[in-house]
Amino acid sequence: MDYITIDTKRVPIEGENNILSLIRKAGIDLPTFCYHSELSIYGACRMCVVEDDRGRIFASCSEQPRPGMVIYTNTKKIQSYRRLIIELLLSSHCRDCTTCQKNGKCSLQELAYRVGVHAVRFLNNKKKIPLDMSSPSIVRDPNKCILCGDCVRTCDEIQGIGAIDFAFRGSDTQVMPAFNRALSETNCVGCGQCAVVCPTAAISVRTNVTEVWDAITDPAIRVVAQIAPAVRVAIGESFHVARGENSFGKLVAALRVMGFDEIYDTSFAADLTVMEESKELAERLEKSEKLPLFTSCCPGWVKYCENHYPEFTDNISTCRSPQGMFSPLIKDYFKEKDINENKKTIMVSIMPCTAKKGEILRPDNFTDGKQDTDYVITTQEVIRMIKQVGIQFEQLEEEAADMPFAVASGGGTIFGATGGVTEAVLRKLAKDKSYQNLKEISYIGVRGEETVKETTVTLGDREVKIAVVHGLAETGRLLERIKAGEVSYDFVEVMACRRGCIMGGGQPPFAGDRTKKGRMDGLYKADVMSNIRYPDENPVLNHMYQTNIKGKEHKLFHRNIVK
Ligand code: HC1
Ligand code: SF4
C-alpha cells in the first residue's frame, strides 16, 4: 500500500483524491471555507494550505496525494499564512457579530478564534450594501460574504438552478443574481441549500420568530403548531441529544412550555396525503392520462418544475402538501370553537424546509381565498426560541401531541426521507396489509441515498413503473431523459433537497456524513416503533373521512388550479 506522511504520521492512500481528505483521515480537522465533499473543488479560500518537506506551500484540497510525500499542517509559515487570510477577510467583513443571525455558528468567527486573530490591522472602507429581503425563504447580506463560492456551486451543481453567481472583478467582486436583480425575480426556488453551506450569514434563513412570539403572547389567539416529520430527528443535534434520535416528545414538551395551545403531528396530514394521492394515481392509471404522476409535497420541486419544465406541471399531483392540507383542516376543525370562545386560530408550521415559507403564500394553496398556514418556522428558528426561553431541552420529559391529530402512521413519518412518500403510497395500495408485506415493500428499492432509484410493482393487472429522485440538478437530468423517451414512469417522487427533508435548508447545519445517515435511520426507527404502519389504517383519519371532512376533500386538500 502507498503512504504519505502527515506531520509525524504515516497515512495510507486508499482512493482519496486530495491531500485534505488524508489529513482529515489522520484526525486533523484542517479548517476550510470552500471545500465540500459533494461540490467541485474550488481552492479559493486557501485555508487548507499545508507545507511540504521542500518548503512549498499549497492548498491541500486541490492537490492529489503522491506516495512518499511529506506534509506539514502546522508550521510557523502556515500559522501566519492562515492568520493573514482571516485578517484580510475580516477587514472587509461587516463585524456586527453580537446581533448576527449566525452568531455562535459562524465559521469565520470560529476560525478567527481558532487561528488566533485577536485584532484586525486593516480598515474596512467598503460601503454598506443593502440586504436582499425579497425572498420569503432566505435573506442575502452581501456585507457578510467571504466569496468562498459555496452557495454558487451548490445552486448550480446540486440544484441545477444557477440563481446566483460572481459579478464584478477584484475587490468589487460580489455574489448576486444576474443583473443584481432581487432573488424573488430570479428562478430561485427557496430551497435554502445555499444557506446551509454559507459559512457566515451572507445567506441565511428568513426568520418569522417575532411574529410567532406575538401570536403566542396574545390571549385572543389560539396558536396551533404542526411538527413536520424530519424535524424530530434533527433538532436534538443542537441540544446534545444523540444523532438521529427521535426528539418529537421533547419538542412537544418544549412547545407547551413556550405557550403553544395545540401541538399536532404533520405525519397525520402525510397519511391524508397518501390517501388523496393514491386515489389520484389510481384514477390516472385507469384513464392512462397525465402520467407520470409527480408528487407535489415539495414546494422547491413544484417551483422548479414551473420555472424550468412547464410542460410537466399538469403531471404534478393536484394534492396540496401535508402542511398545505393540515392547516385548512385544523382551521375548519376549530371554526365553531373560535366563534364560541371569541378566538382566532393561527397555524404555525415547524418545518425543516425554507421553501415551505413560500408555499404558504401561493394562492393555489389558499382556502376560500385565505392563506391557511400563518407562519412557517424552521427547525433552526424553533431551536432559537427554545434557547431564548432557556428550556433545558435535553432534560425535558417527553410528552405526547394533542388529540385528535396526534395519531399518525409510520408511513406518514418516513415522508421526511427520500423514498418515504413512495413507500407510504405503496403501503396504501397494497392489498396485503401484513407485517411481512411491510418488510417486502421496504426492500423494493426506494430507500437509501442513491440519487435516482427505480422500481416496478404490480397493481392489479398492471406493471407500475416508479422513480424516486432527490436534488434538483438530478431531477432536471431525469426529466430530460423522460422527454427524450429514454425512460418512462407512472409515478415519480421528487424532493428538491438531497436525501429529502431531513436535509432541508432549515435544519441545523450538519457536521459531515454521519448526521445525514443518522437522521435517515432515525425516521425508519420511528416507523418501526409506530403502532400503525399503514397510512390507510389510521383510525382517526378514517373516522374523519366518514364525518367532518366528508365532502370537503377537494376544497381543503387539493390545489385550486386556475387555467
Ligand atoms: Fe417534508 Fe412533507 S415530508 S415536505 O419533506 O410531505 O418540509 O419533514 O413536512 O408538507 O409530512 C418538509 C418533512 C414535510 C410536507 C410532510
Ligand atoms: Fe439557489 Fe436554492 Fe439558494 Fe435559491 S435558495 S439561490 S435556488 S440554492
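The values are calculated or read from the model by the stated rules, or taken from the named source; none is laboratory data. Quick caveat: nothing in here was measured; it's all calculated off a predicted structure. Note that each Cβ is placed from the backbone with ideal geometry, even for glycine, and that neighbours are counted across all protein chains shown. Surface accessibility is based on the protein's heavy atoms, side chains included, excluding ligands, DNA and RNA. Shrake-Rupley method; radii C 1.70, N 1.55, O 1.52, S 1.80 Å.
Structural remarks
- Fully extended contour minus Cα-Cα distance, from residue 436 to residue 25, at 0.36 nm per residue: 143.8 nm
- Residues of segment 529-563 with amide N under 12 Å of the 7 Å Cα→Cβ point at residue 290: 558-563
- Inter-part distance where segment 474-513 and segment 534-560 are each reduced to a Cα centre, Å: 28 Å
- Between the beta carbons of residue 167 and residue 91, assuming R0 = 25 Å, the FRET efficiency works out to 0.75 to the nearest 0.05.
- Net lengthening on full extension, residue 548/residue 57 (0.36 nm per residue, minus Cα-Cα): 169.7 nm
- At most 13 other Cβ within 10 Å, DSSP loop - trypsin sites (Lys or Arg not before Pro), segment 372-458: 431, 433
- 0 to 90° range, to nearest 10: angle between helix 266-287 axis and the chain longest Cα axis: 70 degrees
- A Förster radius of 25 Å combined with the Cβ-Cβ distance from residue 517 to residue 398 puts the calculated FRET efficiency at roughly 0.60.
- Percent carbon-and-sulfur accessible area, the chain, ignoring ligands, DNA and RNA, probe 1.4 Å: 50 percent
- Near residue 191, once Lys and Arg are set to +1 and Asp and Glu to -1 for all other residues with Cβ below 15 Å from its Cβ, the sum equals +1.
- As an equivalent ellipsoid, the chain spans semi-axes of 42, 28, 23 angstrom, where each value is the square root of five times an eigenvalue of the C-alpha gyration tensor, largest first.
- Net +/- balance of residues flanking residue 90 in space, Cβ distance below 13 Å, scoring K and R +1, D and E -1: +3
- Once the Cα atoms are used to define both axes, helix 299-308 deviates from the longest principal axis of the chain by about 80 degrees.
- Rolling a 1.4 angstrom probe over the protein heavy atoms with all chains in place gives the chain an accessible area of 43 Å² per residue.
- Residues of segment 479-509 falling in the label zone of residue 451, defined by backbone nitrogen less than 12 Å from a point 7 Å along Cα to beta-carbon, are 479, 498-499.
- Note on the chain: with charges restricted to the Cβ of Lys and Arg (+1) and Asp and Glu (-1), its dipole about the Cα centre is near 1600 debye.
- Computed from Cα positions, the angle between helix 420-429 and the longest principal axis of the chain comes to roughly 20 degrees.
- Near residue 2, once Lys and Arg are set to +1 and Asp and Glu to -1 for all other residues with Cβ below 14 Å from its Cβ, the sum equals +1.
- Over the chain: helical MRE at 222 nm, DSSP H runs n ≥ 4 each giving -39500 (n - 2.57), nearest 500: -9500 deg cm²/dmol
- Computed on segment 88-205, with alpha-carbon pairs under 8 angstrom and 6+ residues apart, the relative contact order is 31 percent.
- Loop-located GluC sites (Glu not before Pro) in segment 351-445 (DSSP state other than H, G, I, E, B) with a sparse environment of at most 10 neighbouring Cβ atoms within 10 Å: 397.
- Counted residue by residue at 0.36 nm each, then reduced by the alpha carbon distance between them, the extension gain from residue 307 to residue 75 reaches 78.5 nm.
- Between segment 191-219 and segment 324-358, the alpha-carbon center distance in angstrom: 19 Å
- Sorting the segments 132-141, 87-96, 114-123 by their residues' average number of neighbouring beta-carbon atoms within 10 angstrom, most packed first, yields 132-141, 87-96, 114-123.
- With a Förster radius of 30 Å applied to the beta-carbon distance between residue 113 and residue 7, the computed FRET efficiency rounds to 0.85.
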